[in-house]
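Here's the structure we're looking at; comments come further down.
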Amino acid sequence: MKSMTGFGKSEDDTTFGRVVVEARSENHRFLDVKLQLPESLLSIETELNESVKKFLQRGKVRVSVSLEGIKNNTPVLNLELAKQYGKNLDILRREIKINEEIRIEHFLMIKDIFSSETQDSLTKNEIAELEAVLRDALAKLADTRKSEGKKLEKDLRARIRNIEKLSKEITTKRKDFMKTTSAKLQERISKLLADVQIDESRLFQETAYMTERSDITEELVRLKAHIGKFRETIRKEGSIGKELDFLVQEMNREAGTISAKAKDAEISHLTIELRSELERIREQIQNIE
């Protein structure tokens, strides 16, 4: 089991400078990848995007790549621009009668006198070096997601045990329902009818009818099956978050039906506890890949 929350960072010196890669992820219904790249790497954005998708299956992933001390950037002097600025500065000096001579510092303050010349495309070797740093950052990200996933798994196992315990309590309380319902119904009718003779067969029929209408056996059987499937799923590798979410929805549906049909205060209270645990599980699994 893996969480969708994590962070990984990697940096290394390459043939074209120092590369720093940071990868962050958080929960999302699908895989949403966004890359933040310097202009010199935009041409290989698709390849880097595919590299990310090989590591992750779900989550909102943000990857930033920065290049420090790039070796393939060469300062280029814009000589024509410098000459034009020189002529304009000389005209300005004479027109407003400035005695100071034009110095090199004046040119260094002018934007675009120097520009960086970057090679048009990266070599295969340079791309391979960059992807190696990216993979290392993604591997660290995956490790943190796995570590967080173990914590989530431990919590989910504890909660599903509690749900199983509550469902067993409901089953136990349900066993005496026929006998208890009959006694309560007979007592109620006796009070209403006083000395009138009660038809035992009719009483049995009414009790059976009430019992059938409020029978929750099938719901408890399905709930047990969903609990077993939930345990089986959290042991699986890969992306399991959506499957777990579906199982929680199904368990919640069965719990709702049990609460509506049971006609028993104690069972209703147990069902409330059960649904509260399911809600906590639902919140947790939103962050599972």
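The values are calculated or read from the model by the stated rules, or taken from the named source; none is laboratory data. Note that the structure is predicted; figures quoted are calculated from it, not measured. When we count neighbours, we look across all protein chains shown, and the Cβ atoms used for this are built from the backbone with ideal geometry, even at glycine.
Restricting to the stretch 257-272, count the residues that are over 17 Å from V221 (Cα atoms) and buried (at least 16 other Cβ atoms within 10 Å of the Cβ).
Total meeting the criteria: 1.
Using beta carbons and a limit of 9 Å, which pairs, at least six apart or on different chains, have the first residue in the stretch 2-23 and without any contact (Cβ under 8 Å) to a residue 40 or more places away in the chain and the second one in a loop (DSSP other than H, G, I, E, B)?
D13/G69
From E47, E22, which residue is acidic (D, E) and surrounded by 15 or more Cβ atoms within 10 Å (Cβ to Cβ)?
E22
Return yes when K236 is under 23 Å from L56 (Cβ atoms) and under 24 Å from the mean Cα position of the chain (by Cα) and no when it is not.
So K236 passes the test.
Sort out for me the helices (runs of 4 or more DSSP H) sitting completely within the stretch 5-118 that have 2 or more residues that are at pLDDT below 90 and not assigned by TED's automatic domain parsing to the domain that holds K140.
Hits in the stretch 5-118: 79-95, 104-108.
Hey, could you check the stretch 214-260 for residues that are over 20 Å from K151 (Cβ atoms) and not in a helix (DSSP H, G or I) and say which is modelled with the highest pLDDT?
Among those residues, the one meeting the criterion is I216.
Within the stretch 82-100, can you find the residues that are of a type in the set (D, E), out of contact with any Lys or Arg (no Cβ under 8 Å at 6 or more places or on another chain) and exposed (fewer than 11 other Cβ atoms within 10 Å of the Cβ)?
E95
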